[in-house]
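All remarks here apply to the structure that follows.
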Amino acid sequence: MAVLVCGGAGYIGSHTVRQLLAAGEQVIIADNLSTGHRAALSPDVKFYACDIRDKDALKKIFAAEKIEAVFHFAAFIEAGESVIKPLKYFNNNVYGMQILLEAMVESGVDKIIFSSSAAVYGEPERIPIDERDATFPVNPYGDSKLIMEMMIRRVNAAHGVKFVSLRYFNASGAIEDGSIGEDHHPETHLIPLILQVPLGKRDHITVFGTDYPTPDGTCIRDYIHVVDLAQAHLCALNYLRNGGSSDFFNLGSGQGFSVREIIDAAEKVTTRKIKTELGDRRPGDPARLIASGAKARKILNWTPRFDDVEKIIATAWNWHSTHPHGYGD
Ligand code: UFG
């Protein structure tokens, strides 16, 4: 049987497809290519140009292929944009999940591995963040991911669709051979934006806020390598196959780095001076987000390989320096 990867042409989806293939899994991709890239598709994988809001198209895939489990990466991800365009997020993310779950239930597909987010926690009540902590999203993107989690939990109870929901912290880096990587339009994430400075695509990086209650005044985040995230999806699939019960897991390193520390690390990796400007806070940014990754390590048997932020940035630099225009599409 095969697994269906919805959003397999995107950043984390394409890395997960590589891991699944390396593990000998049969993979099928569905992606509407609205933010994903054709060039990120693995050439030997069957691809359906399909939107998850198109139930007929999904049901045709489920009828034509023997699908054991669905990996759901097909969602919009920009917290800032979601504040301005909440309905865009509720349509693609929440309504998309509705249609996907309807198609799965009607077709008898009973496993889903879902890309959730640290954004479900909002402003955390304690650090490191534990899966049992309160979920109070502070933007529509986080709302959409929390609603999607509620939907799979209720559908699990009523229809027996088993799930693993993976709450990603800050996905970063690229596959070590540099063949695929991060390419968002527009780019809003810290590490790719920093690396645009030594690439000559940007004059400077602006630090969003220097008066946070952190040792150097800048925000602290938990950067987790995309290959480690991808590996967690394989662990989640095997966990469900082995009868594991449906559950939610943080995916983070448990270590936090400030914006300044990331800029310093990027200077070391690229051996260039990175011009920095100090700016205002970006609305909605919590001061510190650090995961407790203990539950995923213990229950999913997940063992992240990248524990050094310079190594993570080095893999990102390998991708960006060899693909300064991303996939060029
Ligand atoms: N930052 C800057 N300058 C920039 C860009 C970012 O200082 O030009 C700072 C941000 O203020 C933040 C840190 O760098 O403190 C990381 O910002 P990112 O935009 O890279 O990542 P976020 O932590 O904001 O967002 C990540 C995911 C989102 C998800 C969120 C959950 O990328 O999809 O975590 O909290 F919603």
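The values are calculated or read from the model by the stated rules, or taken from the named source; none is laboratory data. Treat the numbers as computed from the prediction; the structure is a model and nothing was measured. With ideal geometry, Cβ positions are generated from the backbone for all residues, glycine too; neighbour counts draw on all protein chains shown. Calculation scope for accessible area: heavy atoms of the full protein, side chains included, ligands and nucleic acids excluded. Shrake-Rupley method; radii C 1.70, N 1.55, O 1.52, S 1.80 Å.
Would it be correct to say that residue 91 is closer than 30 Å to residue 122 by Cβ and surrounded by fewer than 17 Cβ atoms within 10 Å (Cβ to Cβ)? Against the criterion (closer than 30 Å to residue 122 by Cβ and surrounded by fewer than 17 Cβ atoms within 10 Å (Cβ to Cβ)), residue 91 qualifies.
Residues that are among the small types (Gly, Ala, Ser), farther than 25 Å from residue 250 by Cβ and part of a helix (DSSP H, G or I) within the range 294-329 comprise just one, 321. Pairs linking a residue in the range 138-161 that is closer than 18 Å to residue 245 by Cβ and touching a residue at least 40 places away in the same chain (Cβ under 8 Å) to a residue that is among the β-branched types (Val, Ile, Thr) and part of a helix (DSSP H, G or I), with Cβ atoms under 6 Å and 6 or more positions apart or on different chains, are 159/105; 161/155.
If you go through the range 158-185 and pick out every residue that is away from the ligand (no atom under 11 Å from the Cβ) and in a loop (DSSP other than H, G, I, E, B), you end up with 13.
Restricting attention to the range 97-146, the residues that are in a helix (DSSP H, G or I), within 17 Å of the chain's Cα centre (by Cα) and not polar (S, T, N, Q) add up to 10. Quick check on this structure: which one of 206, 218 is open to solvent by less than 70 Å² (accessible area, probe 1.4 Å), near the ligand (Cβ under 10 Å from one of its atoms), within 30 Å of residue 325 (Cβ to Cβ) and part of a loop (DSSP other than H, G, I, E, B)? 218 is the lone residue from the list that is open to solvent by less than 70 Å² (accessible area, probe 1.4 Å), near the ligand (Cβ under 10 Å from one of its atoms), within 30 Å of residue 325 (Cβ to Cβ) and part of a loop (DSSP other than H, G, I, E, B).
Taken together, the residues in the range 165-181 that are hydrophobic (A, V, I, L, M, F, W, C), open to solvent by 10 Å² or more (accessible area, probe 1.4 Å) and under 30 Å from residue 126 (Cα atoms) amount to 2. Scanning the range 121-139 for residues that are under 28 Å from residue 84 (Cα atoms), open to solvent by 20 Å² or more (accessible area, probe 1.4 Å), among the hydrophobic types (A, V, I, L, M, F, W, C) and at pLDDT 95 or above returns 134, 136. Filtered by the rule that a residue be open to solvent by 30 Å² or more (accessible area, probe 1.4 Å) and in contact with a Lys or Arg (Cβ under 9 Å, 6 or more places away or on another chain), the range 182-195 gives a lone residue, 190.
The listed residues are 63, 69, 49, and the only one of them that is away from the ligand (no atom under 15 Å from the Cβ), surrounded by fewer than 17 Cβ atoms within 10 Å (Cβ to Cβ) and in contact (Cβ under 8 Å) with a residue 24 or more places away in the chain turns out to be 63.
Filtered by the rule that a residue be in contact with a strand residue (DSSP E or B) (Cβ under 7 Å, 6 or more places away or on another chain) and part of a helix (DSSP H, G or I), the range 12-49 gives 12, 13, 16, 17, 20, 21. If you go through the range 61-70 one residue at a time, do you hit one that is within 21 Å of the chain's Cα centre (by Cα) and not charged (D, E, K, R)? Looking through the range 61-70, at least one residue is within 21 Å of the chain's Cα centre (by Cα) and not charged (D, E, K, R).
Considering 77, 52, the condition of being part of a loop (DSSP other than H, G, I, E, B) and in contact with a Cys (Cβ under 6 Å, 6 or more places away or on another chain) is satisfied by 52 alone. Within the range 104-120, the set of residues being of a type in the set (A, V, I, L, M, F, W, C) and crowded, with 16+ Cβ neighbours inside 10 Å comprises 104, 109, 112, 113, 114, 118, 119, 120.
Collect the residues in the range 270-305 that are more than 19 Å from residue 129 (Cβ to Cβ), touching a helix residue (DSSP H, G or I) at 6+ places or on another chain (Cβ under 9 Å), away from the ligand (no atom under 16 Å from the Cβ) and open to solvent by 20 Å² or more (accessible area, probe 1.4 Å), keeping them in residue-number order. Of everything in the range 270-305, those that are more than 19 Å from residue 129 (Cβ to Cβ), touching a helix residue (DSSP H, G or I) at 6+ places or on another chain (Cβ under 9 Å), away from the ligand (no atom under 16 Å from the Cβ) and open to solvent by 20 Å² or more (accessible area, probe 1.4 Å) turn out to be 272, 273, 301, 303, 305. Kindly check whether there is at least one residue in the range 6-13 that is within 18 Å of residue 178 (Cα to Cα) and at pLDDT below 95. Taking every residue of the range 6-13 in turn, none turns out to be within 18 Å of residue 178 (Cα to Cα) and at pLDDT below 95.
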